[in-house]
Each structure stands twice: as structure tokens, then as C-alpha cells.
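The values are calculated or read from the model by the stated rules, or taken from the named source; none is laboratory data. All values reported here derive from a predicted model rather than from experimental measurement. Here Cβ is always computed from backbone atoms with ideal geometry, including for glycine, and neighbour counts include all displayed protein chains. SASA here: full protein model, heavy atoms, side chains in, ligands and nucleic acids out. Shrake-Rupley method; radii C 1.70, N 1.55, O 1.52, S 1.80 Å.
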Amino acid sequence: MEIIEEYGTPLKLTYLPKISQSIQNAKKYFQNAIDEHEYKADYTYRYCTKSSHFSFVLDECLENGAHIET
């Protein structure tokens, strides 16, 4: 509550390790489905920049092998 009282609302917290974990999970889920169904095309994880334009978020996505969709 102290942070909200000082900075107001809405309050958005970004936990970078969770972003990395979510990207890695998505890549794993798709790879499992690709293998199971013998899918022959490529899969590329893309992060939609309108979700967040903050450079620290985009950097985290790029560090996890994501491509950027604008």
C-alpha cells in the first residue's frame, strides 16, 4: 500500500524471470506438439510489442530467443 499511496494506481509490476519462464514454456509446449504431430514447418516465438514497450521487457524477450512483432 505504501507504493500505491506514493505513486498512485494503476500499479503494474513486471517480474522478468516470469517473462523468461513463460517464453521457455511456450517454446517447449510448441516443440512437444510439433514432435507429436510430426509438423514439418518451422515455429518462431514472437512477442507482441503492444503488450509492453519497455526496453527492459523487450530485452528479456530477445535474450530468450523471441522475435519481435510490431
**Request:** First compute the accessible area of the chain with a 1.4 Å probe, then give the percent of it belonging to carbon and sulfur atoms.
**Result:** 53
**Item:** 10 Å Cβ shell holding at most 13 others, DSSP loop, trypsin sites (Lys or Arg not before Pro): longest site-free stretch of the chain
**Value:** 41-70
**Message:** What distance in nm separates the two pseudo spin-label positions at I34 and K18, each 7 Å out from Cα along the beta-carbon direction?
**Reply:** 2.7
**Fill in**
Simple spin-label estimate for L58/N25, 7 Å along Cα→Cβ, in nm, reads 2.6
**Prompt:** Among the chymotrypsin sites (Phe, Trp or Tyr not before Pro) within the chain, which fall in a DSSP loop and have no more than 16 other Cβ atoms within 10 Å of their own Cβ?
**Reply:** Y15, Y39, Y43, Y45, F54
**Message:** List the residues, sorted by chain then number, that are 5 or more residues from Y47 or on another chain and whose placed amide H is less than 5 Å from its amide H.
**Reply:** H67, I68, E69
**Item:** Accessible area per residue, Å², the stretch 1-50 with all protein chains present, probe 1.4 Å
**Value:** 91
